[in-house]
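Shown next, in structure tokens, is the structure this report addresses.
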Amino acid sequence: RRWASDVVTDVVPLLVLVTGILDELDVRYVVGGSLASGIHGELRATNDVDLLIELPPAKVGGLVRALKPSFDIREDTVRAAVSEGRSFGALHVEWHVKVDFFPAGNSRLDTQELERRRPVRLPSAPDRDVFVASPEDIVLRKLDWFRRSDGVLERQLRDVVGVLKLQRNALDRPYLLGMAHELGLAELLERCLRDAGSAD
């Protein structure tokens, strides 16, 4: 899988650290956000990491303890976020890079993103893979974020178009179109496909 050497070089050490902790705790995760769209599409500078994680309440304490030496994070905040189904953040105290954790719920998109994640080899850690959202799922996720922002986050659509352009011939179009229809994102997807020059 593609990982350009100039993508997210500042966050690669953080990815190694955090995903290593998640692997040790047997917590399933998938890298999303602009990191995933940068791997599958056009590069965009980023100074944070978005992770969808499957975090049961019983593993919250272990995760916080493992992150605590390097990150500013509070267990009570994490427990509240997990119980309420919302995201929580952890800031690396030396690198000043933020990780946003999104606890997976029962939504179809969360389930598919975790099931369809893909291993990507890190350029600076040749013996390590990280699990990244598939191009189809990052497209769907970013369309959903754009919709939830009431059309404010235009950069999400730019990221989507970048993925559609680069992955034009590799996309699982039946899955992408079917999920977009199921999630009520079909019109937005068609708009981005036209902008990418890959509409039917």
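The values are calculated or read from the model by the stated rules, or taken from the named source; none is laboratory data. Since we're looking at a predicted model, the values are computed, not measured. Note that we place each Cβ from the backbone using ideal geometry, even for glycine, and neighbour counts take in every protein chain shown. Note: accessible area is taken over every heavy atom of the protein model, side chains too, but ligands, DNA and RNA are not part of it. Shrake-Rupley method; radii C 1.70, N 1.55, O 1.52, S 1.80 Å.
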Please find, within the range 167-183, the residue that is nearest to E42 (Cα to Cα) out of those that are touching a helix residue (DSSP H, G or I) at 6+ places or on another chain (Cβ under 8 Å) and assigned to a loop (DSSP other than H, G, I, E, B).
Q167
Answer yes or no as to whether V18 is outside any helix (DSSP H, G or I) and crowded, with 20+ Cβ neighbours inside 10 Å.
no
Test: G162 is under 17 Å from G32 (Cβ atoms) and not in a strand (DSSP E or B)
yes
Residue satisfying condition, being surrounded by fewer than 23 Cβ atoms within 10 Å (Cβ to Cβ), out of contact with any strand residue (DSSP E or B) (no Cβ under 6 Å at 6 or more places or on another chain) and closer than 19 Å to K142 by Cβ, within set E42, E24:
E42
Run L52 past the list (1) modelled with pLDDT of 95 or more; (2) more than 25 Å from V161 (Cβ to Cβ) and report the number of the one that doesn't hold.
(2)
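Given the options V64, V60, V97, name the one that is touching a strand residue (DSSP E or B) at 6+ places or on another chain (Cβ under 8 Å) and open to solvent by less than 30 Å² (accessible area, probe 1.4 Å). Before the answer, list the steps.
Working: V64 fails: touching a strand residue (DSSP E or B) at 6+ places or on another chain (Cβ under 8 Å); V60 fails: touching a strand residue (DSSP E or B) at 6+ places or on another chain (Cβ under 8 Å).
Among V64, V60, V97, only V97 is touching a strand residue (DSSP E or B) at 6+ places or on another chain (Cβ under 8 Å) and open to solvent by less than 30 Å² (accessible area, probe 1.4 Å).
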Considering G20, G62, G32, which residue is of a type in the set (G, A, S) and under 28 Å from L166 (Cα atoms)?
G32
Within the range 169-182, residues open to solvent by 40 Å² or more (accessible area, probe 1.4 Å) and closer than 12 Å to V139 by Cα come out as D172, R173, L177
Counted residues, the range 135-154 - those being open to solvent by 40 Å² or more (accessible area, probe 1.4 Å) and under 19 Å from L52 (Cβ atoms):
4
Among the residues of the range 101-115, are any open to solvent by 10 Å² or more (accessible area, probe 1.4 Å), out of contact with any helix residue (DSSP H, G or I) (no Cβ under 9 Å at 6 or more places or on another chain) and touching a residue at least 40 places away in the same chain (Cβ under 8 Å)?
yes
